[in-house]
Amino acid sequence: MRVMPTTTVSVLRGTSRTEFDDEADSETVASSGHAASLIERTQNVYPPNSGTPMTVRTVVCRLDSSVQVLNGDRIRDEGTGVVYYVSNLVSPQVAGFVDHLRLDLERVT
C-alpha cells in the first residue's frame, strides 16, 4: 500500500429481518483488521436554486487491493466505531498492476 494507513477497518456485509419484517443492515463482519487510510474533507457549496451555502462532507478510503469489498458493503472504523456505506468502488490499474482500492464513503447515522 502506497498510502499511509490512518486506522484499521472491518468490512460489514449482509442484511437481516427485524421483528416487523423490515430489511435492515446486519453487523456480520466479512473481514476485519485491514490497514486503511480514511480521509474526511469538507467543502462549502452554493446551490444555484437557493444560494444558501451548504457544507458537504466527503470521505475517501484507500485499502489494499487484496481486500474483498463490494458496492453496498459497509466499512467500520475499528478505532472510532463509525460506520460508512460504500457508495462507489474504484480499482485503478496502471500497466496491469492494481495498487490499492479507492472507496467513496457515506457516513451511516
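The values are calculated or read from the model by the stated rules, or taken from the named source; none is laboratory data. If you're wondering where the values come from, they're calculated on a predicted model, not measured in any experiment. When we count neighbours, we look across all protein chains shown, and the Cβ atoms used for this are built from the backbone with ideal geometry, even at glycine.
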- Flag if residue 36 is within 15 Å of residue 102 (Cβ to Cβ) and aliphatic (A, V, I, L, M): yes
- Message: Name the single residue that is surrounded by the fewest Cβ atoms within 10 Å (Cβ to Cβ) among those in the range 1-42 being among the polar types (S, T, N, Q) and modelled with pLDDT of 85 or more.
- Response: 42
- Cβ-Cβ below 7 Å, separation at least six or inter-chain, first residue in the range 43-65 and touching a residue at least 40 places away in the same chain (Cβ under 8 Å), second of a type in the set (Lys, Arg) and surrounded by 10 or more Cβ atoms within 10 Å (Cβ to Cβ): which pairs? 59/107; 60/102; 62/102
- Task: Examine the range 84-102 for a residue that is without any contact (Cβ under 8 Å) to a residue 12 or more places away in the chain, surrounded by fewer than 11 Cβ atoms within 10 Å (Cβ to Cβ), assigned to a strand (DSSP E or B) and in contact with a Pro (Cβ under 7 Å, 6 or more places away or on another chain), and state whether such a residue exists.
- Result: no
